[in-house]
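Beneath this line is the structure, given in structure tokens, with notes to follow.
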Amino acid sequence: MPKDIDAKESGIGAASKRREDIRFLSGTGNYTDDINLNGQAYVHFLRSDVAHGRITSIETAAAAAMPGVLRVFTGADFEGVGSIPCGWQVTDRFGEVMQEPAHPVLAQGKVRHVGDPIAAVVAETAEAARDAAEAIELDIEELPAVVDMKAALAEGAPKVHDDLTSNLCYDWGFVEENKAAVDAAFDAAAHVTSLELVNNRLVANPMEPRVAVGDFNRATGDSTLYTTSQNPHVIRLLMGAFVLGIPEHKLRVVAPDVGGGFGSKIFHYAEEAFCTFAAKALNRAVKWTSSRSEAFMSDAHGRDHVTKIELALDADNNFTALRTDTLANMGAYLSTFAPSVPTWLHGTLMAGNYKTPLIYVNVKAVFTNTVPVDAYRGAGRPEATFQLERVIDKAALELGVDPIALRRQNFITEFPYATPVAVEYDTGDYVATMDKLEEIADIAGFAARRAESERAGKLRGLGVNCYIEACGIAPSNLVGQLGARAGLYESATVRVNATGGIVVMTGSHSHGQGHETSFPQVIASMIGIDEDMVEIEHGDTNNAPMGMGTYGSRSLAVGGSAMVRATEKIIAKAKKIAAHLMEAADADIELKDGQFSVAGTDKSVAWGDVTLAAYVPHNYPLEEIEPGLEETAFYDPANFTYPSGAYACEVEVDPETGKVSIERFAAADDFGNIVNPMIVDGQVHGGIGQGIGQALLEGCVYDENGQLLSASFMDYAMPRADDVPFYAVDHSCQTPCTHNPLGVKGCGEAGAIGSPPAVVNAVVNALRSAGKDVTHIDMPLSPARVWAAMQG
Amino acid sequence: MYEFEFTRPASVAEAVAALSTEDAQALGGGQTLIPTLKQRLAMPTTLVSLSGVAEMQGIRLEGDGPLVIGGAVTHAQVASGAGAYPALAALAGQIGDPAVRNRGTIGGSLANNDPAACYPAAALGSGATIVTNIRELAADDYFQGMFTTALEEGEIVVAVKFPIPDAANYQKFVQPASRFAMVGVFVARFADGVRVAVTGASEEGVFRWAEAEAALTANFTPDAISTLTVDADGMIGDIHGTKAYRAHLVNVMTRRAVSASA
Ligand SMILES: Cc1cc2nc3c(=O)[nH]c(=O)nc-3n(C[C@H](O)[C@H](O)[C@H](O)COP(=O)(O)OP(=O)(O)OC[C@H]3O[C@@H](n4cnc5c(N)ncnc54)[C@H](O)[C@@H]3O)c2cc1C
């Protein structure tokens, strides 16, 4: 265990045990599928089994006549209904806005990926709905599918959307004005390293599949949607305003306990709109529970970039310029945040931890007949980190220099640092995290461990890399300029009860991160009361103020900051009340350990006395302040936060089979201030697990006809406990964020961002130790691929 | 799943009778069949559970061999109860996960004859005898290609008789996602020769690698087969590995099985 664990007993910095785990681990959580409403009906979606086709006829009479069937819906029922909206509009290098196709709730005339919903049967039971779905007579004229991105952009390629000019969503250049200077720097370079690579398509596969329950109250005309969401307010806005035309005050969205999301539960999905719509149409609650098979073909996928990256260096091995060319798969429709991922969450991170002065990033986003692709843990930043850290390792190889030394030489060392890709890093200390990494990874002992592996007939490799990410998403005015159709502030209402207990209603929403534990630690520290006196409520738009939810490692940095601001208001008001009670001046009141005292005297009143006075205002300055103690704050961050770190991975490769085993993994992260070190460790562990999954195991594969080959856990390899080692995780290097009140940076995605290049660097290093001329292997590094690479 | 009737007979005779109704199907541990039903890929009218059939239980050693394993015996029972044949017990202990091993049965596995399953390699590699309700079948005659066996409609695997070799070992190289065998090799050395059975690799299902058997019968060392290869042509090629890779693994896993059993 890192040494900071258990250093404090409570409040900020304490490794408080996750209180939510009691219900999660004892089967007493309340997940969306646990919600069963009176008179609930069930929907089964008939989904396309072809990647691209025209619906020539759809006959539902037989299905509608089946026992228990309430109604069969098709695209025709949704003609007057809005399109599933996209939340981000990217402007291309020529100043044109992206091509934005319609995304119907149920297919209108055409199907565009395997899994695209065509019809929906609502019945008394889930089995009856499924039986009836089989009785729908459907004729689809199959059309040639586009799966490969290059092929999709070729002249004359079949179009995913007939009404668009091509399959190109946008051609984005960043920073376009730098392009000529970047090209010139390449011409002048002493050395250029280039690398073509694939960032493999992933399926998030949270443990809890998606569920939606729509409900309608005929008496009030109110709609309610219970859904597996990371951001219920966002769903309320997108679905209410853009799809179904229900104003916020007539629509409640509830996301109760959420069993993991990793990004895939940010987005507004057709099934949510369907259940809300059908509940009203039928005046019955309507429930959908995704099967794992449906999840594979309907949850947004992640990553799926094909990139060429080039790094220019001068004669002293200083990085002088970076140039990248990326094809980014959008899938068949634009999912909620899809356009932002390969652009603003990717291009802006290409400087990494290095002072490369000139950078140009080109991204072509492409429509294909595949499931939509959107943010997945790290979202854009893993793609940026992977290519950058791989090309640096390759450059070190070509130049015959130590990869750690090459990185150190090019580190940014002065902060704040304005990158050539439009962002300003407020703080960081990349030398410190690299020093820490070398220590905890015992880099010095690697040679001995390699010799030992060699004696056992194994090839041992070491891979090191750095990462930087932009978290605490995001300043609203900035993202507005970049095309976001939403603000990215966060909110909190702090409600103090008469006897001193506190309920915080926050717009951020935990889907496993432990907010119910860490958020109270902050308030407890601010007031000096026990953590147990604070409770978090989230996930219900009827309680919490409008918030943007949880993703982009933003909850503590942005949501926590809103909570701090609201608590500051509470404290200011409570001091006024205390001053009144003690007949002192407001300015003389101090709050410490839950006691208000008058400076320089022994007079004091307890937190509970003040909160009681607020609600039983017998002796109270009613002419000056209102009774009650409840405050709301909205917090809009001034900048992103920039967590960073250095990771090291050691692998053993079986030279006969190509099987890679991860022997050691070390992570030195700088997350700024830490509220709960144990939760941070857990977030890093999980992130690295997913990164190892991406690097070694996970790959979502379509065949050339758009059939999903990795459509179940039989073929899609998730990391299991024995695929990952014990991690050495350290977050003692702390350069606090300068612009949020907690000085925190966010830790949710770091592990998934920082780990894949370390793994690949390590495997390449291992193979080279056996004299193999291998410079890159595409992920996942399955035994078969590693073996093939060794055959040359 | 579609609706079906369920019965749990107590004897082979009752089970055979129950299976004679149209579209009735035997249910072993359900580890293959239940997922198939859930995906609505099968539509039996009646499921005839074999878990209560008395004659299909238990593991018993007849003298110095064979080891007789009831058709309804689970993988977990073999893993812990087939001490007389350690290589077989070890193989059973590597099938799936604990839940699969606690439900899945040897009869179900052999009846299903998944090309990536483990037991077919043990049965073929040991020269086992498959005992059904009507006959005894030599393993060499029983396996007839992917998901195909000599079993007739309604025929039940009642027991499997394993001769016990002087030395044996199973090496399983797992497919990364399913952790079934991508290539699994069972090597068994008997007084009169060596048998080598390969699962996971071939488009024809489990097979005996005759050249390796001959070489190993002459010289039971890994070196004896270091230059032998199987033809990549008949091998499975898929997203987890090419035909050439599987052909290569057959050699590697065979050598490792020989080392481990020698
Ligand atoms: C997650 C998972 C991982 C697995 N991993 C492996 C692995 O690594 N290696 C491996 O070998 N297998 C693996 N399996 C398969 C497992 O071993 C199954 O138990 C086995 O294939 C089928 O046995 P069963 O008793 O469950 O049969 P069932 O699923 O009940 O039946 C399978 C078929 O056999 C028929 N049948 C069943 N019993 C008999 C009988 N006695 N006589 C005649 N017909 C019968 C049924 O009618 C059906 O057609 C895995 C399964 C799962 C779910």
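Bear in mind these aren't lab numbers, they're just calculated from the coordinates by the rules spelled out. Note that the structure is predicted; figures quoted are calculated from it, not measured. Don't worry about glycine lacking a Cβ; one is built from the backbone with ideal geometry, like all the others, and counts go over all protein chains shown.
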| said: List the lysines whose Cα sits under 18 Å from the Cα of A:K250, skipping any in the same chain fewer than 8 residues away. | reply: A:K280
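Relative contact order of chain B, please, whole-number percent, based on alpha carbon pairs below 8 angstrom and at least 6 residues apart.
Computed value for chain B: 15 percent relative contact order.
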| task | Can you bin the protein assembly as shown into rounded, prolate or oblate? Criterion: square roots of the alpha carbon gyration tensor eigenvalues sorted a ≥ b ≥ c, rounded for a/c under 1.5, prolate for a/b above b/c, oblate for the rest. | result | prolate
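In peptide B:176-186, how many Cβ atoms from other protein chains are near each Cβ within 10 Å, on average?
Rounded to a whole number, the mean comes out at 4.
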| said: If you build the convex hull over the alpha carbons only and average its shadow over all orientations, what do you get for the range B:56-162? Give it in nm² to one decimal. | reply: 6.0 nm²
| field | Förster-model FRET efficiency, 35 Å R0, A:V701 and A:H249, C-beta, rounded to 0.05 | value | 0.15
| note | Expected sort for A:207-214, A:706-713, A:757-764 on mean C-beta neighbours within 10 Å, highest first, is A:757-764, A:207-214, A:706-713
| request: Arrange B:F6, A:F634 by Cβ neighbour counts within 10 Å, fewest through most, would you? | output: B:F6, A:F634
| Looking only at other chains, what is the average number of their beta-carbon atoms within 10 angstrom of each beta-carbon in A:779-791? | 4
| note | Checked the range B:137-262 with the C-alpha gyration tensor, a ≥ b ≥ c its square-rooted eigenvalues, rounded below a/c of 1.5, otherwise prolate if a/b is larger than b/c and oblate if not; verdict oblate
| note | Of the candidates A:V50, A:P783, A:F671, the farthest towards the positive dipole end of the protein assembly as shown (Lys/Arg Cβ +1, Asp/Glu Cβ -1, centred on the Cα centre) is A:P783
| message | Could you derive backbone 3J(HN,Hα) for the range B:5-21 from the dihedral phi with the Karplus parameters 6.51, -1.76 and 1.60 (θ = phi - 60°), listing whole Hz in sequence and x where the residue is Gly or Pro? | response | 8, 9, 9, 9, x, 9, 9, 4, 4, 5, 5, 4, 4, 5, 6, 7, 6
| query | When A:L37, A:L345, B:L41 are ordered from fewest to most other Cβ atoms inside 10 Å of their Cβ, what list results? | reply | B:L41, A:L37, A:L345
| Expressed as a rounded percentage, what relative contact order does chain A have, with Cα pairs under 8 Å and six or more residues apart? | 16 percent
| note | Expected sort for A:309-318, B:219-228, A:119-128 on mean C-beta neighbours within 10 Å, highest first, is A:119-128, A:309-318, B:219-228
| request: Kindly state, to the nearest 0.05, the FRET efficiency for B:F6 paired with B:L61, given R0 = 30 Å and r defined as their beta-carbon distance. | output: 0.30
| task | Please build a GNM for chain B, connecting alpha carbons under 10 Å apart, and tell me which residue among B:M182, B:M43, B:M56 fluctuates the most. | result | B:M43
| message | Sort A:519-527, A:590-598, A:91-99 by packing, meaning the average of other beta carbons within 10 Å per residue, with the highest value first. | response | A:519-527, A:590-598, A:91-99
| task | Would you mind pulling out the separation of the Cα centroids of the range A:90-120 and the range A:625-644, in Å? | result | 37 Å
| remark: Given Cβ charges of +1 for Lys and Arg and -1 for Asp and Glu, the option among A:A396, A:G686, B:P115 whose Cα lies farthest towards the positive end of the dipole of the protein assembly as shown is B:P115
| request: May I ask you to derive the relative contact order of the range B:55-153, considering only C-alpha pairs under 8 Å and at least 6 residues apart, and to give it as an integer percent? | output: 19 percent
| field | Gyration tensor (alpha-carbon) shape descriptor, the range A:673-792, a/c threshold 1.5 | value | prolate
| request: For the range A:93-98, take each phi angle, set θ = phi - 60°, evaluate the Karplus expression 6.51 cos²θ - 1.76 cosθ + 1.60, and give the result in whole Hz per residue in order, putting x for glycine and proline. | output: 5, 9, x, 8, 7, 4
| Given only helices, namely DSSP H runs of n ≥ 4 each adding -39500 (n - 2.57), what is the per-residue ellipticity at 222 nm of chain B, to the nearest 500 deg cm²/dmol? | -8500 deg cm²/dmol
| query | Quick one: Cα centre-to-centre distance for the range B:33-89 and the range B:90-139, in angstrom? | reply | 8 Å
| said: So if I take the centroid of the Cα atoms in the range A:441-481 and the same for the range B:178-200, what is the distance between those two points in Å? | reply: 39 Å
| task | Enter the mean number of other protein chain beta carbons within 10 Å of the beta carbon of each residue in B:32-44, as an integer. | result | 1
| note | For A:K364, counting only lysines whose alpha-carbon sits under 20 Å away and dropping same-chain residues fewer than eight positions off, the answer is A:K150, A:K159, A:K179, A:K308
| query | Tally Lys and Arg at +1 and Asp and Glu at -1 over the other residues with C-beta under 13 Å from the C-beta of A:G39: what net charge comes out? | reply | +1
| query | In terms of Cα to Cα distance under 27 Å, which lysines are near enough to A:K569, apart from those fewer than 8 places away along the same chain? | reply | A:K8, A:K592, A:K603, A:K745
| request: Rank the residues A:M239, A:M297 as a footprinting-exposure proxy: fewest other Cβ atoms within 10 Å of their Cβ go first. | output: A:M297, A:M239
